[in-house]
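Please read the structure below before turning to the comments.
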Amino acid sequence: MDIVSEELEEIRRSIVAKVCGCELISCHKNLVSFKITKTKYKVLTACIQFPADYPNQPILTEVKSKVFSPSLTNALIEICDKEAKKHIGKKQVILIAKFLSQFINDNPLLPCRDEWTYIKKNFLRECDAEKVKQKKGIIDITAHQELYLLKIRAVIPDNYPEEPVQLSLEEHNFPSPMAYYFICQAKEYARQATEPPLRKSSKAPPFQALPHLKKVMEFLIVNCCKRFPQECCPLCTEQALPENPKDVITDGKDENYIERVYCGHLFHHGCLDKYMKTPPFENGKSCPKCGVRIYHDKWNISPRLAEARWAHKEARQRELDEVVDFLS
């Protein structure tokens, strides 16, 4: 019996037992193929051919996957070729199967590899920093804008994207209420991508979890860290946040305290308070920048009540002015 026949017999007998998650599809001299499944989103099929002078030459491996991108499967083919060359003169098929199985285990970021590549290329700049702990599935990003920073940690679960990315802010120098909003909204985007809506439409297709690392990172890096240090108050047109984060106002009644309204724009407390308490009040107040109705707990009254309060204040002021004129 030649070495190929011996190896084929060994493959039929033991590859499923020796390689975790392996399913043998075909096992012939012309083609050996097997499927390795870790989760729904970590699946690949390997097709292997023996060269004429095997085992003195490496086996030829082709990797296919419906869940991994073509760029990733092409990279895996190159990695398998390099690995097979290390074992020239030996039986290589089960070794390569074990290698592929271990590679998937050691790389939790595989299901979001293309998203991560996009994030690095499009959201991060030279002033930013990123660190990946591949085997733990952890991504650390420190984003900067002027003197402001946001350090984000994302932990990728084993069955991403069916489970949401675990997000946390490890460090920041934004006002605490803003940072709280940043992380809560990012977590909400992750939840919406992985949980079906409570109210289901009868015409809607069955819910399917969606990749969401790119969306939450775009929100945290681009829409929060990069945007808000440059944001101006729509009323006075001055920069909303101070240039130096150390000068951030924490007193909610201070004129320069930062208020974030429903539409996401930033206002100085004094500017917004004056705007909300002066006419016109019909149909409520809208953001001067985007036209969206302003909602805020501090000014949670109806337009009719706001107008009545303003009229009462104006009447009191007129009475005071009349008294001053009389006395003078």
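Some observations on this one:
- Which numbered condition Lys90 fails, given (1) closer than 21 Å to Ile15 by Cβ; (2) within 27 Å of the chain's Cα centre (by Cα); (3) part of a loop (DSSP other than H, G, I, E, B); (4) not small (Gly, Ala, Ser): (2)
- Residues in the stretch 172-187 that are surrounded by 14 or more Cβ atoms within 10 Å (Cβ to Cβ) and within 17 Å of the chain's Cα centre (by Cα): Ala179, Tyr181, Phe182, Ile183, Gln185, Ala186, Lys187.
- As a summary of the residue check, Ala143 satisfies the conditions (1) surrounded by 15 or more Cβ atoms within 10 Å (Cβ to Cβ); (2) in a helix (DSSP H, G or I); (3) in contact (Cβ under 8 Å) with a residue 60 or more places away in the chain; (4) not hydroxyl-bearing (Ser, Thr, Tyr) except for the one numbered (2).
- Count of residues meeting criterion [in contact (Cβ under 8 Å) with a residue 60 or more places away in the chain, exposed (fewer than 15 other Cβ atoms within 10 Å of the Cβ) and among the polar types (S, T, N, Q)] in the stretch 1-39: 1
- Residue count for the stretch 188-242 under the criterion of being buried (at least 16 other Cβ atoms within 10 Å of the Cβ) and among the acidic types (Asp, Glu): the result is 2.
- Selected residue (criterion: farthest from Cys290 (Cα to Cα)) from residues of the stretch 243-270 that are among the small types (Gly, Ala, Ser) and surrounded by 15 or more Cβ atoms within 10 Å (Cβ to Cβ): Gly270
Here is a yes/no grid of residues against (1) under 26 Å from Glu259 (Cβ atoms); (2) touching a residue at least 40 places away in the same chain (Cβ under 8 Å); (3) of a type in the set (D, E, K, R); (4) not assigned by TED's automatic domain parsing to the domain that holds Leu72:
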{"site": "Arg153", "(1), (2), (3), (4)": "no, no, yes, yes"}
{"site": "Gln166", "(1), (2), (3), (4)": "no, no, no, yes"}
{"site": "Met178", "(1), (2), (3), (4)": "yes, yes, no, yes"}
{"site": "Tyr189", "(1), (2), (3), (4)": "yes, no, no, yes"}
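The values are calculated or read from the model by the stated rules, or taken from the named source; none is laboratory data. Remember, it's a predicted structure, so these values are computed and weren't measured experimentally. Cβ atoms come from the backbone with ideal geometry, glycine included; neighbour counts cover every protein chain shown.
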